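Step one of this worksheet: look at the structure below.
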Amino acid sequence: MSYDFKEKTYWNACPVKNYGSILYLLPKQNTGLLKGPFLDEIGLKHFEVDGKVVKTKDDATMYRQFDYSPGRMHTEFKNFICPFISFEEELTAAGGESYRLRYTLRNRAHEDKEVTLAFNFLSDRKLEKVEKDSRSTRLFYDLNKKDVKPGQGISDFSYLFEWYIENKDFQISIEYPQSETSLLSNKQILAEQEVVVSQGSRVLHKAMIKSGQTYVFDVKLNLSASLETYKPGYVGKEWSDFVEKLPVPEFKNEQEKFVYYKSWHVLFSNEVHRRGVDWVIAGLRFPSIWVWDTSPFVADAYMSFDPGLVQGMILDQLKSIKTSGMMPLHAILGYMQPEQQKDDITQIPLVAKAAWDVFKISKDLVFAKKCYESFSFNYQWFESSRKPNDNVPLWGIDDKRAPYFYGPESGMDDCPIYDNGPVYSVGINSAKFSFEGAMAAFASVLGQEDQAKDWQEKQKTTRKFMLENMWHEKDSFCYPLTYELKKVDIKTSDIYPALYVGVLDSDKIKKVARVLESEFLTRCGMTSVSMKEECFNPDVYARGSVWPFMNYMVHKGLTSAGCRELADKVLDAVIKTLVDFPGVFECFNPVEYKLGRVKDGPVCTAHMSFCAAGVICMLLER
């Protein structure tokens, strides 16, 4: 198996937006079209039973269960408001540029039920012409015209999208059984004016499902066969030039090489240029710079060959700091002013460490001065807003957003250490430790030696308190603390940042390594919760699934302590997983060897920059 990385312009995963999730098929020819912003909505909008709407796509009572195979994604929905109708959806690549959407409904009631299905197809491109009858609709779009122009306050991916589209026009034919059809437009209020943001069609299909019977409704999508999915003279050259600049680690095998360039392609594709700023986004559905997604993970990947880009990203993060001193969870595309940042929470503060690491390469004193001033302001905000007890030199957390409560601010959304309320987490206070170390270093290079000594003392105090109160010698592990300073003795990935930033010395890391190998290591990599914990759930986010970017933190800590054998096992497991699965997903279920999920909801997101960056960093480090 060999790959021509310089010529490859997209990888083996293309998203189709449906039910707020991303479904995946392996592409044939033109499916790169579905990678851009073109599709706003496709699939079942809602259905009615006996004239009453009993299901909408945003129904929070719905339970989703996913499975997929190459060319197919199957979804089973349960727990509807109407208990009589069970519902399944299947998306299948039918060959060429055709897809089949199949909806299967089962009537479990004792009487017949009249069901109406509402099927939508919406796009953000200009709808030029429509041809329709009772069994088909043909939509003609102009790919060079958008209903909402860039800069009007919605997500804009036109720059990225134009890489993949050669044609000016696009046609899609939707075929279905006898149905009612109508044109559809989605409107929003932008700048106090109502504007059309997407256009398409709606199909209403009515059926009488007899008691105990199953009803199947098929929709066939045919894309225009003449569409080219990329411009060889443009994106091909861009990718080729990008690859030329990349550092090339020593690969043990072709699988490592494939995953390395596959991961870089995610980062390459997720760079969106807007208003002269390089924005690195955490996946195609997140037009933002997120706090720790970007720094340290994306920053660490780019640092070795494009420190200027890293400095630019960090400066953008500094621009997003509010007048209070808080760095919001993410800097939203197009909203660079602090007062426009709507987040009320922040995230684990590893940005200062990333800033110092890139300064060591760039030696840019103007950058250093800006960092020192801005991070001093940000640090004071943490001291005043995230320090529950003045006598405890640790930072807490204040994030009460459902459904997780407390977790997202730590970067580990639904981690079980937060099940009973906020804690002093090992992760956040490891970041505090690195924050103070970076500030001491910045102060020193700027000639502020007295301030540098103050920062050094703060860092020593943080580390000493953490080791004295969080480290458990018998368990060979670090545990978070309640605000009453009682250990929350659940072994989780909360310890991983401590390995990454050096809170633990080599002897302690070697002790932790034995625990990690026996309780955390799986065929996908290190889990987010020990497999021996009662709360371990390999299917769900930070309650047991494997996150590639978190494995980078483990790998770095193990490498620094000389635990090479275990570090290699971690890397090998992650590499195999990313060879076997399309895209670069957030997390994986290592027990059933499938994609992880967000709580009881959709499958996790793919094309994630920070996950791809973590894999790249592991290969570069080795």
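Does residue 87 satisfy the condition of being at pLDDT 75 or above, within 15 Å of residue 184 (Cα to Cα) and crowded, with 16+ Cβ neighbours inside 10 Å? Against the criterion (at pLDDT 75 or above, within 15 Å of residue 184 (Cα to Cα) and crowded, with 16+ Cβ neighbours inside 10 Å), residue 87 does not qualify. Residues of segment 556-570 that are closer than 16 Å to residue 523 by Cβ and either under 19 Å from the mean Cα position of the chain (by Cα) or not hydrophobic (A, V, I, L, M, F, W, C) (or both): 568, 569.
Mind listing just one residue for me: the one in segment 435-472 that is surrounded by fewer than 20 Cβ atoms within 10 Å (Cβ to Cβ) and hydroxyl-bearing (Ser, Thr, Tyr) and, of those, nearest to residue 504 (Cα to Cα)? The extreme case among them is 461. Of the residues making up segment 571-609, those that are under 18 Å from residue 301 (Cα atoms) and either more than 17 Å from the chain's Cα centre (by Cα) or at pLDDT 90 or above (or both) number 4. Restricting segment 521-555 to residues that are closer than 23 Å to residue 511 by Cβ and hydroxyl-bearing (Ser, Thr, Tyr) leaves a set whose member that is surrounded by the most Cβ atoms within 10 Å (Cβ to Cβ) is 527. For the structure I just gave you, tell me whether residue 374 is modelled with pLDDT of 95 or more, among the hydroxyl-bearing types (Ser, Thr, Tyr) and either outside the structural domain of residue 447 (by TED's automatic domain parsing) or surrounded by 20 or more Cβ atoms within 10 Å (Cβ to Cβ) (or both). For residue 374, the condition - modelled with pLDDT of 95 or more, among the hydroxyl-bearing types (Ser, Thr, Tyr) and either outside the structural domain of residue 447 (by TED's automatic domain parsing) or surrounded by 20 or more Cβ atoms within 10 Å (Cβ to Cβ) (or both) - is met.
Every test in (1) part of a helix (DSSP H, G or I); (2) in the same structural domain as residue 479 (by TED's automatic domain parsing); (3) hydrophobic (A, V, I, L, M, F, W, C); (4) crowded, with 22+ Cβ neighbours inside 10 Å is passed by residue 394 save one, and that test is (1).
When segment 300-345 is filtered for residues that are of a type outside the set (A, V, I, L, M, F, W, C), modelled with pLDDT under 90 and within 22 Å of the chain's Cα centre (by Cα), the ones remaining, listed by number, are 312, 316, 317, 320, 328, 330, 334, 335, 341, 342, 343, 344. Scanning segment 247-268 for residues that are surrounded by 15 or more Cβ atoms within 10 Å (Cβ to Cβ) and in contact with a Phe, Trp or Tyr (Cβ under 9 Å, 6 or more places away or on another chain) yields 249, 251, 257, 258, 260, 261, 262, 264, 265, 266, 267, 268. Answer yes or no: is there a residue in segment 484-492 that is under 25 Å from the mean Cα position of the chain (by Cα) and crowded, with 24+ Cβ neighbours inside 10 Å. Within segment 484-492 (the criterion being under 25 Å from the mean Cα position of the chain (by Cα) and crowded, with 24+ Cβ neighbours inside 10 Å), the answer is yes, since at least one residue qualifies. Across segment 362-371, the number of residues qualifying as more than 26 Å from residue 344 (Cβ to Cβ), surrounded by 14 or more Cβ atoms within 10 Å (Cβ to Cβ) and of a type outside the set (Ser, Thr, Tyr) comes to 3.
When 515, 574 are checked against the criterion of being among the β-branched types (Val, Ile, Thr) and over 22 Å from residue 619 (Cα atoms), a single residue qualifies: 515. Every condition in (1) out of contact with any Pro (no Cβ under 7 Å at 6 or more places or on another chain); (2) assigned to a helix (DSSP H, G or I) is met by residue 358 except one, and the failing one is (1). Take the residues of segment 120-161 that are among the acidic types (Asp, Glu) and surrounded by fewer than 19 Cβ atoms within 10 Å (Cβ to Cβ): which is modelled with the highest pLDDT? Residue satisfying both the conditions and the ranking: 131.
Against the conditions (1) assigned by TED's automatic domain parsing to the domain that holds residue 105; (2) at pLDDT 65 or above, residue 240 satisfies every one except (1).
For the list (1) of a type in the set (Lys, Arg); (2) assigned to a helix (DSSP H, G or I); (3) without any contact (Cβ under 8 Å) to a residue 12 or more places away in the chain, I need the number of the one condition that residue 474 fails. Tallying (1) of a type in the set (Lys, Arg); (2) assigned to a helix (DSSP H, G or I); (3) without any contact (Cβ under 8 Å) to a residue 12 or more places away in the chain, residue 474 fails exactly one: (2). The single residue among 182, 211 that is among the small types (Gly, Ala, Ser), at pLDDT 85 or above, loosely packed, with under 15 Cβ neighbours inside 10 Å and part of a strand (DSSP E or B) turns out to be 182.
State yes or no: is residue 542 closer than 26 Å to residue 434 by Cα, at pLDDT below 95 and out of contact with any strand residue (DSSP E or B) (no Cβ under 6 Å at 6 or more places or on another chain)? So residue 542 fits the description; yes.
Does residue 197 qualify as being at pLDDT 80 or above and within 30 Å of the chain's Cα centre (by Cα)? So residue 197 fails the test. Scanning segment 453-492 for residues that are more than 13 Å from residue 503 (Cβ to Cβ) and among the aliphatic types (A, V, I, L, M) gives 481, 485, 488, 490.
The values are calculated or read from the model by the stated rules, or taken from the named source; none is laboratory data. What you see is a predicted model; the values in this text were computed from it and never measured. Note that we place each Cβ from the backbone using ideal geometry, even for glycine, and neighbour counts take in every protein chain shown.
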